[in-house]
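To start, the structure under review is shown below, and the notes come after it.
The values are calculated or read from the model by the stated rules, or taken from the named source; none is laboratory data. Since the model is a prediction, treat every value here as computed from it, not as a measurement. Quick reminder, even Gly has a Cβ in these numbers, built from the backbone with ideal geometry, and neighbours come from all protein chains shown.
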Amino acid sequence: MKIKSICCIGAGYVGGPTMSIIAQKCPGIKVTVVDVNEKRIAAWNHPDVNNIPIYEPGLSEIVAEARGRNLFFSTEVDKAIDEAEMIFISVNTPTKTYGVGKGMAADLKYIELCARQIARVAKTDKIVVEKSTLPVRTASAIRDILDNTGNGVNFQILSNPEFLAEGTAVEDLLAPDRVLIGGDSTAEGQEAIAELVAIYANWVPRDKILTTNVWSSELSKLTANAFLAQRVSSINAMSELCEKTGADVNEVAKAIGLDSRIGSKFLKASVGFGGSCFQKDILNLVYIAKTYGLNEVADYWEQVIIMNDHQKRRFAKNIIKTLYNTVSGKKITFLGWAFKKDTNDTRESAAIYVADDLLAEQAEICVYDPKVEFEQIQTDLNYLETRSETLNGSGVQVKTDVYEACHNAHAIAVLTEWDEFKTYDWQKIYDNMLKPAFVFDGRNLLDKTTLEKIGFIYQAIGS
Ligand code: NAD
Ligand code: UDX
C-alpha cells in the first residue's frame, strides 16, 4: 500500500505546520487537518493566508501553495477519519488540572476521545500515528480502545513525536535533525513503519529517519525536552552565581559551549523558559518516575522546574528591589509577551508570571508585543486566578506603538527576544521616560554600552 490519504486530528501549533509541510512535499497525498475548534479551522481557511491562526515565519507561503490542492482544513472529523488510510493524532496533552496526578500527569482525555472516535468511525484498516507528546506506554491504551471496536478493522499504532520548535517550525520541519518513528516489531508493525518512512523520505534523507520500538520513541520525546530544559535551567542557575561573583554568564556560556562535548546551543541565560512543552513534559516525566517508585529520578528532573520558577520570580523581585522597593503605581513597560521570538504563542511565557508578581505589588504594566493582542494577555493572567478579571484588566494595558508603550515609564523589562527591539531609537525612548530610566533585560538582548551611554540604568541576566 502507498498512502494516498492522511487525516490529522488537531489543527494546532504542531498539526497545522507539520501537515502543511507533508502536503507541500507530497502533492500526491490528500492531507485533511480536522479540529473541533470551528474558529481555528475558519482561520486556517481564511482567504488571506496572512490570517492563519499560527504565526510561523514562512508558513503562510506554504499554506498558500498547498491549500485547496491537497491540503484541507475541516471540522468534519468523522468524514476525514473515514477517508484516511493514515491518521495522525496531534491534539493537546496538557497537564491535568484535576483528580489523580493533578498538576503533574498529562491529561489524556483528548487522546482517548480521538481513539474512541477512530474506533467508532473506521470501516477500513488504518495506521494511527501518535504525533502528540505522550507518556511512555500510551500506545497500549490506544491499542486497547481500538482493538475492542468489534468492527474487524486492523489498526497499527506508530509513535512519531514532533521535535519542531515554535518560531522555527518551518525550517525544523524542512530539515529536521532526525525523524523518529516507533512501531511494533511484528511484520504488520514494520510495514506500517515503512509507510511512514516513505512519506518522510520525500524530503528527509533516509539516514535521518530513525526507527525504534514504540516505547523508546514515546520516551525519547520526553527525554529530549527534559535534556533541553535542563540546559536552560543549568545556565540560569549559573547566571545567579555570576551576578554575585563578577563573572559574566555570556562569557561562561561561550567558554563552556566551545567544548564539543557540551556544545553551544541552549545555553542562553534568560528570565526562564516558557512554552507549552518543557514544563508540562518534565512534570509528566516526574509523575511517571514517581508512579514506578523512582523518587530520586523524579526529584532530579523536578529540580529543573524549581530552578525555572525561581528564575522568573527573582527577575520580578529584582525589578521591585531596584525601583527602591516599591513599584506601586509605577508604569513598567514589557517588551514582549510571547514565550520566545517569532511566535504568537504565549503558553507558560515567563512574562505572565513576572507580570503577576508585579501586579501583586500594584505596578501598572504596559505591554508591547508585535504578535500578541490584549485579549490573549488578559486570558493568560486570568488563567492564574490570582486576582479578579477586573483588576487584571485595569492593571495591564497594551499598546501597538512601542514608543507610546514606553512613554512616561519608570522601567522597561525585556521579556521576549524579538529582533526588532534591537533596532529601536533608544535615545527617543529614553527622552520620554521618567528618570532614572531603568532597563531590565530578561533576554540579554540589548547592548549595555549603548544604553548606558544614553543614560539608562541597565541590568541584564547573569552579569
Ligand atoms: P494545540 O493546543 O495548539 O492544538 C491542539 C488542537 O487539537 C486544538 O486546536 C484542539 O481544538 C484540537 N483538539 C483537541 N481534541 C480534539 C478532538 N477530540 N478532535 C479534534 N480536535 C481536537 O496544541 P499543540 O501545541 O499543537 O500540541 C499538540 C501536541 O503536540 C501536544 O501533545 C504537544 O505536547 C505536542 N508538541 C507540541 C510542540 C509545540 O511546539 N507546540 C512541539 C512538539 C510536540
Ligand atoms: C521545545 C523543544 O525545543 C522542541 O524540540 C519541542 O518539540 C517543543 O518544545 P519550543 O517550546 O517551541 O520547543 O521552543 P524552544 O526553542 O525549545 O524554547 C523553549 C523556551 O526556552 C523558550 O522560552 C526559550 O526562550 C527558552 N530558552 C531556550 C532559553 O531561555 N534559553 C535557551 O538557550 C534556549
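What to note about this one:
- When segment 266-307 is filtered for residues that are assigned to a loop (DSSP other than H, G, I, E, B) and touching a residue at least 24 places away in the same chain (Cβ under 8 Å), the ones remaining, listed by number, are F266, L267, K268, A269, S270, V271, G272, F273, G274, G275, S276, C277.
- Note on segment 334-344: residues that are buried (at least 23 other Cβ atoms within 10 Å of the Cβ) and more than 15 Å from H410 (Cβ to Cβ) amount to 5.
- Here I22 meets each of (1) in contact with a Phe, Trp or Tyr (Cβ under 7 Å, 6 or more places away or on another chain); (2) buried (at least 21 other Cβ atoms within 10 Å of the Cβ); (3) not in a strand (DSSP E or B) with one exception, condition (1).
- Residue-level check: of (1) surrounded by fewer than 19 Cβ atoms within 10 Å (Cβ to Cβ); (2) touching an Asp or Glu at 6+ places or on another chain (Cβ under 9 Å), G103 misses just (2).
Rundown of residues vs (1) surrounded by 15 or more Cβ atoms within 10 Å (Cβ to Cβ); (2) within 27 Å of N92 (Cα to Cα), yes/no style:
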| residue | (1), (2) |
| --- | --- |
| E302 | yes, yes |
| I319 | yes, no |
| K330 | yes, no |
| L359 | yes, no |
| K371 | yes, yes |
| E375 | no, yes |
| E385 | no, yes |
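- The helices (runs of 4 or more DSSP H) falling completely within segment 363-410 that include 1 or more residues that are within 23 Å of F456 (Cα to Cα) map to 402-406.
- Contact annotation: residue pairs with Cβ atoms under 7 Å, 6 or more positions apart or on different chains, pairing a residue in segment 34-48 that is assigned by TED's automatic domain parsing to the domain that holds L59 with a partner that is assigned to a helix (DSSP H, G or I) and surrounded by fewer than 17 Cβ atoms within 10 Å (Cβ to Cβ), are A43/N51.
- Matching residues, segment 272-319, being farther than 15 Å from A237 by Cβ, within 12 Å of ligand 2 (Cβ to nearest atom) and among the charged types (D, E, K, R): K280, D281
- Residue within segment 432-447 that is touching a Cys at 6+ places or on another chain (Cβ under 7 Å) and assigned to a loop (DSSP other than H, G, I, E, B) present: yes
- Filtering segment 56-89 to residues that are surrounded by fewer than 19 Cβ atoms within 10 Å (Cβ to Cβ), in contact with a Ser or Thr (Cβ under 7 Å, 6 or more places away or on another chain) and assigned to a loop (DSSP other than H, G, I, E, B) leaves only E85.
- Those residues of segment 319-341 which are in a helix (DSSP H, G or I) and out of contact with any strand residue (DSSP E or B) (no Cβ under 7 Å at 6 or more places or on another chain), in sequence order: I320, K321
- Filtered by the rule that a residue be within 18 Å of M86 (Cβ to Cβ) and either in contact with a Cys (Cβ under 8 Å, 6 or more places away or on another chain) or away from ligand 2 (no atom under 16 Å from the Cβ) (or both), segment 150-163 gives N151, V153, N154, F155, Q156, I157, L158.
- Flag set for S220, criterion: crowded, with 17+ Cβ neighbours inside 10 Å, of a type in the set (S, T, N, Q), within 18 Å of the chain's Cα centre (by Cα) and under 24 Å from F339 (Cβ atoms).
- Checked against (1) crowded, with 23+ Cβ neighbours inside 10 Å; (2) part of a loop (DSSP other than H, G, I, E, B); (3) charged (D, E, K, R), K312 passes all but a single condition, namely (2).
- The one condition in (1) surrounded by fewer than 20 Cβ atoms within 10 Å (Cβ to Cβ); (2) within 16 Å of ligand 2 (Cβ to nearest atom) that D147 fails to fulfil: (2)
- Failed condition for T95, given (1) farther than 28 Å from E56 by Cβ; (2) touching a Lys or Arg at 6+ places or on another chain (Cβ under 8 Å); (3) within 14 Å of ligand 1 (Cβ to nearest atom): (1)
- For segment 140-168, residues that are within 16 Å of ligand 1 (Cβ to nearest atom) and in contact with a helix residue (DSSP H, G or I) (Cβ under 8 Å, 6 or more places away or on another chain) total 13.
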